[in-house]
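These notes are about the structure you will find just below.
The values are calculated or read from the model by the stated rules, or taken from the named source; none is laboratory data. Predicted model only: the values in this text are computed from it and were never measured. All Cβ positions, glycine included, derive from the backbone under ideal geometry; neighbour counts span all protein chains shown.
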Amino acid sequence: MRKNFFKTFSWCLLLSIVLTSIFITFDHADRFIGTEDYFDSEEFKYSYNNFLDYLGLMELEVFDLENITINQSHIEDYRNRYGSLSDELSVIETEYNVRISEAQNFGNTAAIDALKAERDLKIDDIKKIFEDDVYVEEKIRAELNEDINSYLEQFGNDFYQFDYNVFSYELRNIETGETFSKGDVSENAAFSMTYNDKNGFLKLPLASNNTNIPLMIDLLLDGSSAMYEGKIIIPTSKTHLIPQYQSFYTERNITFSSIIIGVVILLIILFIFKLRKSWFKNGFMTHLFDKCPLEIWLLLFIFNAVVLTAFLTILMGFFNLFFYGNFQISLGILLSQIVVVFSLWFGIYQLVWIYEKVRDRNGLITKIKNSLIAKFMYTIQDAFAKTSVGIQVLLTLILIFVWGFLTTSIIQFSYYFDELVLMYVLFILFIGIPLLTFIFRKIGYLNRVFIATEHLVDGTLHDPVPEKGRSVIAKHAANLNKLRTGIKVSLSEQAKSERLKTELITNVSHDLRTPLTSIITYTDLLKNQELTEEERMEYVKILERKSNRLKILIEDLFEVSKMASGNLELHKQEVDLTQLLQQVLGEHQEQLEQSGLELRATIPETPVIANVDGQRWWRVLDNLIVNAMKYSIKGSRVYVSLKHDNGQAEFIIKNVTKYELGENINELLERFKRADKSRHTEGSGLGLAIAQSIVDLHGGLLKIELDGDLFKVTVQIATS
């Protein structure tokens, strides 16, 4: 971990140097590329033009106030700069009426007279301005004189403090022949500019190029100018007096050095000391970003970008001061550089983390779903899952807010507006009190539902929950009542299941023990050596019969268990149910006659085709017919029919039962449930259960009906 931190920090340090170099390049390099020395720079050209402006105004040309032409346009501009005559008179009248009224309130007669006199003077002055052009011209010249004196005073101070001292010149006015000079132009010059007919004359004044001149002084600039010839130089001996001259070369050297260092370090981090994503994986920051919401990550990213940009800008400011010779800011440069390095380190961690999330699409989707905005949207969605509840809560909050706003307004403004108090009372009577009543009624009803839910969990909810209205709470109460009913039914079914389970264990034990006891008894009898051959063969037949019964019982038990668990595999095919029924009846014809039962069969002549497992469906029919033979009264009739109607095949078997079945006949479909409760007849009690399971697996329907002693079984299955 420490090794990776050292690598990442070192790489970010190198990158910060590259970024600093880039900033320095964009900020300073354009000043030096294509410029051989300071006197070729744009900076000097600007200073030189300023010098010419100042020279023209202060030395070579003077303002001639008397020769300034004031035209009618200037006069009209001066008159209307504060508005028309009526507007200005109205302003003066209004202003002095207020002041005179205040003086009258205090009974100050002297002040009243002075104010009236002052007002009249101003009115006369305004009227004269709008009537007398000569008077306006005098005012304009007086104002110009004041502006010129003020400007020249400030202008001269700035001029003499800066460029004027380093220049030497000798210039002659071509028109007047007058010569102006300062210093010795024959000195060794670092900069020299000659004006003549070959190179061009110096045209002055150039004051129109100076944007600092007051607007009124622009009246002086009538387009006229004077032409000069001569020479202007900066002696080499005075270059040290120009701060920009020294800083230019210092800044150029630092800029070019910075570019070289930046290029070298860039090559190093691109080809030698390359960035590895593994440095930034599985670190403390990665786990932190995994835990924080996406919006926090985004805010941190933006904040870090702002910090990085700000400190790079501060760093450039420090370097600018450094360029101009302020070497005391080295500590500021160092601290800013450290902040930039840590900001880069943090930013790269963020970029690597988001890159991995984008690559892992599922991870990004999960992060988006867990974001604060997504959670807020889910919250809104949940709040309006029941639209009526969301709207009611929203309207209630709005009304409460309005109530609070009105209360604050009443407290603040009731002293000034009595009507507000009346409106507030009406609001309380017709909105506030009904709203509170509605809220408390809903809360009370909700509490009752909560208490009922607790009782339902405890099993002590005996009475149904009141269902009031059509609200969501009322629907929830209705669902609780349904759940209460379902729990009661479930408990009843559970009790029934426990009872049937007990009976099942008892019946299974009895039905298995009976043949098993017979087998054990006759096995012991066979051990008797005195038995005759006939007796021995009779016992063997009995053992064989009991063994077969036990075998059938166990096979039926396994089969019904497989059907109940859904593990029985069906082999469906197109089967003629008519033919299948005829085969089953044919096999049991002799048994029916021996049992003294009379069969009445109604079978269609045309085939009834269904997609069933033929062997399993034969078992259904066989079990139902055998069940009828076992439990029908001797001498009674057994009715069997097969019908085909509306895509359904319907098999019905009816017989008169010899035992009283009771009312709960559906229990006969349970395993080991028999009509002969004394269990004297042969049978496993699984016949109907197996038939029910096979029909269910085929998607059919088996139902039992009882009318007195008439027992009826109906089986329905879809036909092809």
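Here are the numbers for this structure:
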quantity	calculated
For Pro515: the one exception among (1) modelled with pLDDT of 80 or more; (2) touching a Lys or Arg at 6+ places or on another chain (Cβ under 7 Å); (3) closer than 30 Å to Gly635 by Cα	(1)
Helices (runs of 4 or more DSSP H) lying entirely in the range 271-383 (those with 1 or more residues that are surrounded by 11 or more Cβ atoms within 10 Å (Cβ to Cβ) and at pLDDT 75 or above)	294-323, 330-359, 361-369, 372-383
The one condition in (1) more than 26 Å from Ile391 (Cβ to Cβ); (2) surrounded by 12 or more Cβ atoms within 10 Å (Cβ to Cβ) that Leu491 fails to fulfil	(2)
Residue check for Leu14: modelled with pLDDT of 75 or more and under 30 Å from Ala305 (Cβ atoms)	yes
Near pairs, Cβ below 9 angstrom, 6+ apart or cross-chain, from the range 128-150 (assigned to a helix (DSSP H, G or I)) to any residue that is exposed (fewer than 12 other Cβ atoms within 10 Å of the Cβ) and at pLDDT 80 or above	Phe130/Ser84; Asp133/Gln72
Boolean, Glu43 is assigned to a helix (DSSP H, G or I) and at pLDDT 75 or above	yes
Yes/no for Ile70 being touching a helix residue (DSSP H, G or I) at 6+ places or on another chain (Cβ under 6 Å) and at pLDDT 80 or above	no
Number of positions in the range 564-584 that are modelled with pLDDT under 80 and either buried (at least 19 other Cβ atoms within 10 Å of the Cβ) or at positive phi (or both)	1
Output for the range 186-211, where each listed residue is modelled with pLDDT under 85 and part of a loop (DSSP other than H, G, I, E, B)	Pro205, Leu206, Asn210, Thr211
Entirely in the range 551-657, the strands (runs of 3 or more DSSP E) that have 1 or more residues that are without any contact (Cβ under 8 Å) to a residue 24 or more places away in the chain	637-645
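Rundown of residues vs (1) over 60 Å from the mean Cα position of the chain (by Cα); (2) within 19 Å of Val638 (Cα to Cα); (3) modelled with pLDDT under 85; (4) assigned by TED's automatic domain parsing to the domain that holds Ala610, yes/no style:
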residue: Asn666; (1), (2), (3), (4): no, no, yes, yes
residue: Glu670; (1), (2), (3), (4): no, no, yes, yes
residue: Ser678; (1), (2), (3), (4): yes, no, yes, yes
residue: Gly685; (1), (2), (3), (4): yes, no, yes, yes
residue: Ala691; (1), (2), (3), (4): no, yes, yes, yes
residue: Lys712; (1), (2), (3), (4): yes, yes, no, yes
